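The values are calculated or read from the model by the stated rules, or taken from the named source; none is laboratory data. Treat the numbers as computed from the prediction; the structure is a model and nothing was measured. When we count neighbours, we look across all protein chains shown, and the Cβ atoms used for this are built from the backbone with ideal geometry, even at glycine. Side chains are part of the model used for accessible areas, which takes the heavy atoms of the whole protein and leaves out ligands, DNA and RNA. Shrake-Rupley method; radii C 1.70, N 1.55, O 1.52, S 1.80 Å.
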Amino acid sequence: MLAGESLLRPATPISSRFAGALILLAGSADRYWHQFRESLRCEGAEFVSVASGRGALELLRRSAFDLVVLGERLPDISGMTVLMETRRLGNVPVIVLVEGGPTVQARGFDLGADDVVAGNI
């Protein structure tokens with residue numbers, strides 16, 4: 001390879017990137033999680049859904065997840081609190097789903113989220 005050239009690799013299909021992954025979906029919107037699973041189309045990925053923050057933390061203490069998708073609004077403790085505790089437990093990637101604007105999004109990043117997605121959740 002000559003100086004300045006780069007090796008181009010084909011994009012890895014999302015299905016192979018997540019094949020065999022264990023993904024925790026923490027939030028109370030079962031309908032939303034169904035749509036998430038369908039849109040992600042992860043062949044071979046295993047999804048675990050939990051509706052509460054305390055339930056999510058218990059699962060995170062017992063299992064090694066490859067990804068956490070966390071709703072901001074949980075019935076018992078806030079998603080941001082779960083995010084902080086998740087960061088104390090390890091370095092699993094966390095995507096936080098929020099309903100607020102830029103201030104709420106920035107807080108998610110400040111607390112260690114790998115990505116923050118805003119919308120009506």
| query | Can you pull out the residues in segment 1-28 that are open to solvent by less than 90 Å² (accessible area, probe 1.4 Å) and modelled with pLDDT of 65 or more? | reply | 18, 19, 20, 21, 22, 23, 24, 25, 26, 27, 28
| Which residues, counting only those in segment 76-108, are assigned to a loop (DSSP other than H, G, I, E, B), loosely packed, with under 15 Cβ neighbours inside 10 Å and touching a Leu at 6+ places or on another chain (Cβ under 9 Å)? | 77, 90, 93
| request: Please enumerate the residues belonging to segment 54-75 that are within 27 Å of residue 19 (Cβ to Cβ), open to solvent by 60 Å² or more (accessible area, probe 1.4 Å) and touching a residue at least 24 places away in the same chain (Cβ under 8 Å). | output: 61, 64, 66
